[in-house]
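The values are calculated or read from the model by the stated rules, or taken from the named source; none is laboratory data. Only a predicted model underlies this, so the values are computations on that prediction, with no experimental measurement involved. Note: ideal-geometry Cβ built from the backbone for every residue, glycine included; neighbour counts use all protein chains shown.
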Amino acid sequence: MAESFSSFSLSSLDWMLIVVCAMLIGMSKTGVPGVSMIVVPTLALIFGGKQSTGILLPILIMADVFAVIYYHRHANWSHLLRALPWAVVGLILALWIGNQVNDVQFKRLIAIIVFLSIAIMIWKDYGTKKEFTPDHWLFAALLGVAGGFATMIGNVAGPIFAIYLLAMHLDKKSYIGTTAWFFFIINMSKFPLQALVWKNINLHTLAIDFVVFPAIALGAWFGIVVIKRIPELTYKWLVLVITVLSAFLILI
């Protein structure tokens, strides 16, 4: 295991940031939206673009397990199954594109998707007041493909899938439960693709992931019990500001 860690030449600051990222992922999966947006550019700065997605994916899967266990009974499977096949199309498209670009271009793709996701979050919260429930299959198809692409390239499909579910007017628990199952299924599907095609998941990366498992568990508990006491507006703008700064750092 020591050999696995030394292969990445991680500093103490790197390890501290990785642990914090693992906690944030645990929090995001148990009902605290948006914090994973900070994680993506942070890990890209430490490991590089494509390699960072291989580090992050197993962390996401471990956190997904906590979310599915806690909210599994609240999923709305009809809405979930409408989007899943299209998300797979997005995964395959992103898988192909990811093999055509170098790491600098890959990091730029991550940054662009982060910026777009932030724009979607702001538009969702402040730009539209009219409620609608789109019944056309094209709505699920477009957001499904976009979400699959975003989650494969940068693990930032949360805002895209959020728009799809919020348009269906789900209650809070149904929203979290459906989101938990969607990303658990999608992330499990991504694992063999990244390991075998992108080859950015191996024993070295998994060793790092398993070391930070306690931080994931702590973050999941923190998300359920503690973080909900922070004023939502303050929290949301803090996440947005830090995420924008982090994404700009990727482009430098």
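Details
- Among the residues of the stretch 118-125, not a single one is modelled with pLDDT of 80 or more, closer than 29 Å to residue 224 by Cβ, buried (at least 17 other Cβ atoms within 10 Å of the Cβ) and touching a helix residue (DSSP H, G or I) at 6+ places or on another chain (Cβ under 9 Å).
- Restricting attention to the stretch 132-171, the residues being in contact with a His (Cβ under 9 Å, 6 or more places away or on another chain) and either closer than 22 Å to residue 93 by Cβ or touching a residue at least 12 places away in the same chain (Cβ under 8 Å) (or both) number 6.
- Criterion: in contact with a helix residue (DSSP H, G or I) (Cβ under 8 Å, 6 or more places away or on another chain) and buried (at least 23 other Cβ atoms within 10 Å of the Cβ) - qualifying residue of 41, 58: 41
- Subset of the stretch 147-186 that is at pLDDT 90 or above and surrounded by fewer than 22 Cβ atoms within 10 Å (Cβ to Cβ) - its residue that is nearest to the chain's Cα centre (by Cα): 184
- Cβ-Cβ under 6 Å pairs, at least 6 apart or on other chains, the stretch 198-219 side farther than 12 Å from residue 52 by Cα, far side outside any helix (DSSP H, G or I): 204/7; 207/1
- Close pairs from the stretch 175-193: first of a type in the set (Ser, Thr, Tyr), partner not in a helix (DSSP H, G or I), Cβ under 6 Å, at least 6 apart: 178/75; 178/76
- For the stretch 76-94, a residue qualifies if it is within 14 Å of residue 164 (Cα to Cα) and among the small types (Gly, Ala, Ser), and the qualifying residues are 78, 83, 87.
- Subset of the stretch 1-34 that is in a helix (DSSP H, G or I), farther than 25 Å from residue 115 by Cα and of a type in the set (S, T, N, Q) - its residue that is modelled with the highest pLDDT: 12
- Which numbered condition residue 16 misses (of (1) surrounded by 22 or more Cβ atoms within 10 Å (Cβ to Cβ); (2) free of Cβ contacts under 8 Å to residues at least 24 places away in the same chain): (1)
- Complete set of residues in the stretch 79-104 that are over 20 Å from residue 195 (Cα atoms) and modelled with pLDDT under 90: 79, 104
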